[in-house]
Amino acid sequence: MKHIIEHAQALRGPLRTVAIDLPDIQAETRASLRLLASEVAALGRSDLNSIMGDALNARDGHADEDIDRLIERLR
């Protein structure tokens, strides 16, 4: 689980800036978010899957709040 927490923490900054019109960074950040979602899904915890669903569906620049919740649940 430690690597998932590290992955989530590494995404926090880019998620805050994804609302800025930088298509390459947006695409890279969304791809990383989808990878994190697959790592979380492998844990088999519906509460974490729900948080990741919220993060994946969040408006640009707002998924960081969901990632913060995910990190708290994983600790």
Checklist entry - For the chain, which helices (runs of 4 or more DSSP H) that fit wholly inside it have 2 or more residues that are touching a helix residue (DSSP H, G or I) at 6+ places or on another chain (Cβ under 7 Å) and modelled with pLDDT of 90 or more? => result 23-41, 46-57, 63-74
Item to check | Residues that are over 14 Å from Asp64 (Cβ atoms) and in contact with a His (Cβ under 8 Å, 6 or more places away or on another chain), drawn from segment 20-46 | outcome: Leu35, Glu39
Checklist outcome for this item: Only unsatisfied item for Ile4, checking (1) farther than 16 Å from Asp68 by Cβ; (2) touching a residue at least 40 places away in the same chain (Cβ under 8 Å); (3) surrounded by 16 or more Cβ atoms within 10 Å (Cβ to Cβ), is (1)
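The values are calculated or read from the model by the stated rules, or taken from the named source; none is laboratory data. The structure presented is a predicted model; accordingly, all values stated were derived computationally and were not measured. Cβ coordinates were reconstructed from backbone atoms using ideal geometry, including for glycine residues, and neighbour counts include every protein chain displayed.
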